[in-house]
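Just below is one structure, and these are the notes that go with it.
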Amino acid sequence: MTTTITARSRGREAARPRGRAAWFVLPATALLLVFFFYPIATIVWRSFTEPAAGFGNYTGLLHDGLSVKVLVRTLVTALIVASVTLVIAYPYAYAMTRVKPRTRGVLTVIVLLPFWTSLMARNFAWYMLEQRGGPIDRFLGLIGFDGVVLLGTVAGVTVAMVQVMLPFMVLPLYSAMEQIDRRLLDAAGSLGAPRWRAFARVHIPLSVPGMLSGFSLVFIMTLGFYITPALLGSPQNSLISQVIGERVSKLLDFGGAGALGTVLLGVTLLVLFIVSRFGGPAKALGGAVTHE
């Protein structure tokens, strides 16, 4: 009997800190509900109810001759931006794990430097670089590519977005690589594996979680990017965020804009689901061992 009473009292004492912690979480939960979930729920609701209840806004996206094309262009652009940033950021993040602390600090400052610069200022800098007669145009002319103007094209937008998104790829990669035990590579070398093979079979699989995290982060952010395509792109090469803005501000088509936003939300959730399913380091390393 005494043992039962003691166990119950211990259970009550353990439950008290959890109850207090719930009160600390309550303000953040309320903010999310009011300023995040409620607006999203409103957008989804209006996509099914304006101007009439049903799936008219979604079927309209398939038949207006523009929305599907813009959505595909946005997905392809986001895929290219995420892939290019991964290729550029991977060796940079790997170098950050191999250099001395002082050099690592310098490399970290270089990565964080864009965060200390206004996004608008960076986009205007790219505007000056990509315009006709700008430095990029003149440089390409010197090597025989005359009349190549990136401003107003999808390629120009993609180049600028790669530079903007690069820190969001480097930091997750560095975080994942920093946790890799270097002794695993030494063990692979002691078993006769060349350095490149040990890197390919041990280091790369263990860095897959960072690759997926960075790739999904850059991909999702690129899907909804507005400022860079609006300043450096053109109406003929609009991305989905520009089309949503046009529908809301000029056409007052809140239902159609909500349908596009809901489709974009669905793509985002699909990407997050895929990452959650295949992002485990044990799965990545296990796959490498299976294919060995």
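The values are calculated or read from the model by the stated rules, or taken from the named source; none is laboratory data. Since the model is a prediction, treat every value here as computed from it, not as a measurement. As a convention, Cβ positions derive from the backbone with ideal geometry for all residues, glycine included, and neighbour counts pool all protein chains shown. Side chains are part of the model used for accessible areas, which takes the heavy atoms of the whole protein and leaves out ligands, DNA and RNA. Shrake-Rupley method; radii C 1.70, N 1.55, O 1.52, S 1.80 Å.
With a simple spin-label model that places each label point 7 Å from the Cα along the Cα-to-Cβ direction, the separation between MET120 and TYR226 comes to 1.4 nm.
Each Lys or Arg adds one and each Asp or Glu takes one away; over the other residues whose Cβ falls under 14 Å from the Cβ of ALA257, this sums to -1.
Here the simple spin-label model places points 7 Å from the Cα toward Cβ, and for ALA193 and THR42 these points are separated by 5.4 nm.
Between THR59 and LYS100, the simple label model (points 7 Å from Cα in the Cβ direction) yields a spacing of 7.0 nm.
Roll a 1.4 Å probe over the protein chains and send me the accessible area per residue for the chain in Å².
Here the per-residue accessible area is 61 Å².
Applying a length cut-off of 18 Å (Cα extent along the axis) and a mean Kyte-Doolittle floor of 1.0 to the DSSP H helices of the chain leaves 67-98, 154-178, 208-223, 254-278. Of the solvent-accessible surface of the chain, computed with a 1.4 Å probe over protein heavy atoms with every protein chain present, carbon and sulfur atoms account for 71 percent. Secondary-structure-derived ellipticity at 222 nm for the chain, considering helices only, amounts to -24500 deg cm²/dmol, per-run term -39500 (n - 2.57) for DSSP H runs with n ≥ 4. Within the range 124-181, the chymotrypsin sites (Phe, Trp or Tyr not before Pro) that combine a DSSP coil assignment with at most 13 other C-beta atoms in a 10 angstrom radius are PHE145.
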